[in-house]
Amino acid sequence: MSARILLVEDDEKLGRQIVEHLTEAGLEASWLRDGGTALGLAPQNWALLILDLMLPGAHGLDVLKRWRSQCDVPVLVLSAKQDASVKVRALELGADDYMTKPFWPEELVARVQARLRRPVLARADRVECGAIALDVAARRVFVGGAEVELTKVEFELLQALAMRPGAAIARSWLVQNVLPPERDGTERTLDVHVSRLRKKLGTAGAQLTTVWGIGYKLKSEDVA
Amino acid sequence: MRLATRLALTLLVTALPLTVGLVFLRERAARSAELDALVDYARGRMESGGREACEDAPEIFQDPPFRLPGDRRFGGPAPRDPLGLGRGPGGPGPDGPNAPAGAGGARPLRGRGPDFQQPPGRAEPAGPAAARFELWAYNPDFRSDNPAAPALEPALRAALERGAVLASGTFELPGRNGLPPRGGLQAVLRMAWTDGPCAIVLARRIDLPAEGSLLLARFGLPALLATLLVLVTLFAFLPFVRRVRALTAGVRRSAASGYVDPVGASGSDELTELGRAFDTAGAQVREQIERLERRERSLRAFVENTTHDVMLPLTVLQGHLVALERRAAANEVPDPSRVREAQEEAHYLGALLENLGAAARLEADELPIERHRMSLNRLIERAVGRQTTIARGKGVELVHALPGEEVEVEADVTLFERAVSNLVHNAVRYGREGGHVAVVLEVEGDEFVVRVLDDGPGVSDEELARLHERSYRTESARRRHPTGTGLGLSIAKEVCERHGFGFQLRRAEVGGLEAILRGPRAKPGGGNRSTA
C-alpha cells in the first residue's frame with residue numbers, strides 16, 4: 001500500500017532527507033516549501049500531512065487551523081522549539097502528534113506508519129492475528145482453520161493479547177485482568193498458563209513471544 | 001528656581017503691592033476724613049458766631065481770632081476725626097491751648113475786633129501730624145476785606161465760579177521768620193448765605209512738623225504687618241525646604257547604594273509618605289535588579305556550560321566523520337561501530353542541549369511548572385521512539401508496554417517528556433550490548449507508574465545513594481559519567497520533584513537499574529485536554 005504523504009518544510013536539506021526516507025519506506029511523498037501555498041490546498045487529498053511550524057508565507061499553526069477546519073486527515077507537526085506552549089497549541093488545534101527536532105529519520109517513518117495504521121479499537125466479534133483466529137462471541141479459537149480447545153483462562157489470555165497485536169502487555173496487567181481473582185494469581189501462574197497456551201497453539205505458538213522486562217505479546221505476522 | 005528663592009520672590013511680589021495698596025487706601029480715607037473734619041469745622045465755626053464776628057469786622061476777621069492766653073470766648077464744635085489719627089481741629093485735647101473742641105459748642109461770640117486776632121503758630125501742639133486750623137472770609141467776588149487774608153488759589157476759585165459749593169486742595173506756605181515752609185489741606189466753601197463779606201470761607205489745616213517720622217506714621221503699621229507676614233511664612237516654610245533637601249539627599253544616597261540604604265523619612269506628614277514611597281519603589285527596583293542579575297548569571301552559566309559541554313561530543317563526532325571519510329576515500333568498507341558511535345554522539349548532543357535547556361529553566365524559573373493535560377501513552381511512545389535508532393545500533397532491545405486505556409497526566413509537556421527520555425536514554429546508552437531496556441506504563445488506582453528498567457551493569461548501593469542525593473545544580477555536565485548516569489538523571493529527578501511526582505532509583509530484579517516515576521493521573525474528563 002502506498003499512502004500519499006504531504007510534507008511542508010522550508011529547509012531544503014531537511015526536506016530532501018525526509019522525502020528520501022519516506023520514499024525508501026515505500027510511501028509516496030510530495031513536498032511543499034512555503035506556508036502560503038499549504039494554506040490554500042485541500043488536505044483531504046493526502047493520507048497524512050507532515051507540517052513544520054516555522055514556515056515562510058504563513059505560520060504552521062495557521063495552516064494547521066485551516067486544514068482542521070476542512071477535514072480530519074492526520075497531521076504530524078515538526079517543531080524545533082522546546083517551548084511547551086507551541087506544542088500544546090498545536091495539539092489543541094488538532095495536530096495528532098508532534099516531533100521535536102532533532103529526530104532520527106527512522107523515528108519519523110515509524111511515527112508516520114503507526115499513524116497510518118492506527119487501529120480502531122472496536123470490539124470485533126472475530127479477531128485475526130496471523131494464523132490465529134478468535135471467534136469472540138462463541139469463544140472458539142482456530143489456528144490455520146483448525147479449532148484449538150482452550151481453557152477459559154487460556155482463551156482470555158489469548159484474547160487480551162490478540163486485541164492489541166504486536167503490543168507488549170505487562171505481566172502485572174495480565175495477572176490482574178485475566179487470571180481469575182479468586183485464586184492466587186501470581187506471575188508464575190501466568191507463565192504456566194502462557195506456556196500451556198503456546199503449546200496448544202502449535203506452530204502458531206511462536207507468535208506468542210516473551211518481552212523482556214514486560215510480559216508477552218502476540219505478533220501479528222506469521223512466524224515460520 | 002530654588003524653592004526658597006521662589007518663596008522670597010512670591011512674598012515680595014505679594015507683600016509689596018499689598019503694603020502700598022493698604023497705605024494708599026488708608027491715606028485716601030484719612031484725607032477724606034480730614035477734609036470732612038475741616039469742612040465741618042469751618043461750617044460749625046461760621047454758623048456758631050463766626051458769621052457775626054466776620055460781618056461785624058470783616059477787615060480783621062480771621063479764625064482763630066487773635067486773643068490772649070486763657071481767652072475762650074470763641075468756641076465751636078470740634079471736627080470729627082474718624083480714624084483718630086490726626087488731631088482734632090482744636091489740638092490735643094479739649095483744654096488744649098488752641099482747642100475750642102469740647103468747649104460746649106454755641107457759646108456766643110462776643111469778642112470782636114482786634115481782640116479776635118491771634119498770631120498764627122502760637123502754642124502749636126507737639127507730636128506727629130499735629131495740625132493747626134484757620135479760617136479766612138471772602139465776599140462773593142472772592143475778595144477779602146482782611147488784608148492779611150491769603151489770596152485764593154485760582155484753581156479753587158475757578159471751581160467755585162463754575163458753581164461748586166466746595167473745592168479743596170493742598171497748599172504750601174513759604175518759610176517765614178526762620179521757620180521752615182509748611183503745607184496742608186485747604187478747602188474753599190460757599191456758606192449758606194450768599195452775600196456779605198463772609199459768603200465764602202477758606203479753611204486751612206496747617207500740618208505742623210512732627211517730631212517722629214511722617215513716613216513711619218503712614219507706612220509703619222502696614223509695613224509691620226507685611227514684614228510679620230513674610231517672617232511667619234518664612235519660618236513656616238524654611239523647615240519644609242530643609243526637609244525636601246534632606247529627602248533629596250536621602251534619595252540620592254539610596255540610589256547610590258543600589259537602593260540598599262533606605263531614604264529615611266521621619267515624621268508623619270506627606271513628606272514622610274513621599275519618603276516611604278521612595279523606599280517602597282526602591283525596594284521594588286532592587287528586587288527587579290536582583291532578579292535580572294540572577295537570570296543573567298544563570299543565562300551566562302548556561303551558555304558557558306553549554307559551550308563547554310557541547311564541544312567534547314562535537315569533537316568526538318568530527319573525529320568519527322573524518323575517520324569515515326578516510327575509509328570512504330580509500331574505498332574501504334566503513335566500520336559500522338564507528339558509524340554507530342558517531343550516531344550516538346550526535347544523539348547525545350541533542351539530548352545534552354535539551355537537558356541544559358531544561359536545567360536552565362529549572363534553575364532560573366521561579367515560576368511554577370506550567371501544566372497541561374496530556375496523554376502519557378503518546379509521551380512514552382515519543383520518548384521510546386526517540387531512542388530506537390540508538391538502541392538498534394547498539395544492539396539493545398528496547399521494548400515498551402502501554403495499558404489498553406489512555407492514561408492522562410497534568411504536567412509540563414517538555415520537561416516531563418525530557419525526564420522520561422533521559423531515563424530511557426540512560427538505560428540504552430549505558431546498558432550492555434545485546435541487553436534489554438523495557439519501558440512500562442501502568443496504572444495503580446488513581447496513579448500512573450512509569451518504570452524504566454535495563455539489564456545493564458547496574459549500580460552499587462553506595463552509587464545508588466549518591467544518585468539520589470545528587471543535584472544537577474552541583475554537577476558540571478561533564479562530570480556526570482562516573483556510573484554511567486548523570487545530568488540526565490538529575491534533571492529527571494528534579495522535574496519529578498517540581499511536579500510533585502515520585503522518583504525512585506533501585507536495582508532491578510532482572511539486574512541493572514530500575515527507575516520508577518509515580519504520580520496522580522489527571523481526572524478523567526476534567527481540564528483542557530491538550531495532548532492527543
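Using the Cα centre as the reference, give the magnitude of the dipole from point charges on the C-beta atoms of the stretch A:126-218 (Lys, Arg: +1; Asp, Glu: -1; all else neutral), rounded to the nearest 20 debye. Around 120 debye, computed over the stretch A:126-218. Summarising the strand pairing of chain A, around 50 percent of its internal DSSP beta bridges are antiparallel. Look at the dipole of chain A built from charges on Cβ: of A:Tyr98, A:Ala29, A:Leu208, the Cα furthest out on the positive end belongs to A:Leu208. Annotation: lysines with alpha-carbon distance below 16 angstrom to A:Lys200 (same-chain offsets under eight excluded): A:Lys152.
Using alpha-carbon positions, what is the distance between the centroids of the stretch A:33-71 and the stretch B:241-296, in Å? Taking the Cα centre of each part, the stretch A:33-71 and the stretch B:241-296 sit 55 Å apart. Applied to the stretch B:452-466, the Karplus parametrisation 6.51 cos²θ - 1.76 cosθ + 1.60 on θ = phi - 60° returns per-residue 3J(HN,Hα) values of 10, 10, 9, 10, x, x, x, 9, 7, 4, 4, 5, 4, 4, 5 Hz, with x for Gly and Pro. Look at B:Val437, A:Val19 and count the other Cβ atoms within 10 Å of each Cβ; fewest to most, that gives A:Val19, B:Val437. Using only Cα atoms and rounding to the nearest 10 degrees, what angle (0 to 90) does helix A:105-116 make with the longest principal axis of chain A? Helix A:105-116 sits at roughly 70 degrees to that axis. Running a GNM on chain A with Cα contacts under 10 Å, which residue among A:Ile18, A:Ile214, A:Ile132 ends up with the highest mean-square fluctuation? So, out of A:Ile18, A:Ile214, A:Ile132, the one fluctuating most is A:Ile214. By the count of other C-beta atoms within 10 Å, a proxy for reagent exposure, B:Phe240, B:Phe501, A:Phe142, B:Phe235 are ordered fewest to most as B:Phe235, B:Phe240, A:Phe142, B:Phe501. Near the amide H of B:His436, within less than 5 Å, lie the amide hydrogens of B:Glu397, B:Asp455, all on another chain or at least 5 residues away, with H placed in the peptide plane. Subtracting the Cα-Cα distance of B:Glu270 and B:Leu22 from their residue separation scaled by 0.36 nm leaves 85.7 nm.
Compute, for chain A, the length of the dipole vector about the Cα centre, with Cβ point charges of +1 (Lys, Arg) and -1 (Asp, Glu) only. Units Debye, rounded to 20.
Working: 30 positive and 30 negative charges, 112 e Å.
The calculation lands at about 540 debye.
When trypsin sites (Lys or Arg not before Pro) are flagged only if DSSP places them in a loop and at most 12 other Cβ atoms lie within 10 Å, the longest unflagged stretch of chain A comes out as A:1-116. Amide H contacts for B:Ala522 (H built 1.01 Å from N in the peptide plane; partners 5 or more residues away or on another chain; cut-off under 5 Å): B:Glu408, B:Val409, B:Glu410. Whole-Hz Karplus values for the stretch B:24-30 come out as 4, 4, 5, 4, 5, 4, 5 Hz, taken residue by residue from phi with 6.51 cos²θ - 1.76 cosθ + 1.60 and θ = phi - 60°; glycine and proline positions read x. The spacing between the stretch A:80-106 and the stretch A:141-157, judged by their C-alpha centroids, is 43 Å. Applying both filters, DSSP loop and at most 12 other Cβ atoms within 10 Å, to the GluC sites (Glu not before Pro) of the stretch B:375-443 gives B:Glu405, B:Glu433.
Among B:Trp193, A:Trp46, A:Trp31, which comes first, then next, by fewest other beta-carbon atoms within 10 Å? Numbers along the way, then the final one.
Numbers: B:Trp193 13, A:Trp46 22, A:Trp31 16.
The order, fewest Cβ neighbours first, is B:Trp193, A:Trp31, A:Trp46.
Karplus-based coupling profile of the stretch B:270-284, in residue order and whole Hz: 4, 5, 5, 4, 4, x, 5, 4, 4, 4, 4, 4, x, 4, 5, with θ = phi - 60° in 6.51 cos²θ - 1.76 cosθ + 1.60 and x standing for Gly or Pro.
Annotation note: GluC sites (Glu not before Pro) in the stretch A:140-208 located in DSSP loop regions with a Cβ neighbour count of at most 15 within 10 Å are A:Glu149, A:Glu182.
On a 29 Å Cα-Cα criterion, which of the cross-link pairs A:Lys101/B:Lys493; A:Lys217/B:Lys394; B:Lys394/B:Lys493; A:Lys13/B:Lys493; A:Lys199/B:Lys394; B:Lys493/B:Lys523 come out too long? Before the final figure, lay out each step's value.
Values: A:Lys101/B:Lys493 24 Å; A:Lys217/B:Lys394 23 Å; B:Lys394/B:Lys493 26 Å; A:Lys13/B:Lys493 37 Å; A:Lys199/B:Lys394 33 Å; B:Lys493/B:Lys523 24 Å.
In this structure, A:Lys13/B:Lys493; A:Lys199/B:Lys394 lie more than 29 Å apart at Cα.
Counting only DSSP H runs of at least 4 residues, each contributing -39500 (n - 2.57), and dividing by the residue count of chain A, the helix-based mean residue ellipticity at 222 nm comes to -11000 deg cm²/dmol.
Mind checking the dipole of the stretch B:368-520: about its Cα centre, +1 per Lys or Arg Cβ, -1 per Asp or Glu Cβ, Debye to the nearest 20?
Charge dipole, the stretch B:368-520, about its Cα centre: 820 debye, nearest 20.
Just counting partner chain Cβ atoms within 10 Å, what average do the residues of peptide B:408-421 show around their Cβ?
Values: counts 0, 0, 0, 1, 2, 9, 9, 2, 1, 4, 2, 0, 0, 1.
Other-chain Cβ atoms within 10 Å of each residue's Cβ, averaged: 2.
All of the numbers you see were taken from the coordinates with simple rules; none came from a lab. Quick caveat, the model's predicted, so the values are computed rather than measured. When we count neighbours, we look across all protein chains shown, and the Cβ atoms used for this are built from the backbone with ideal geometry, even at glycine.
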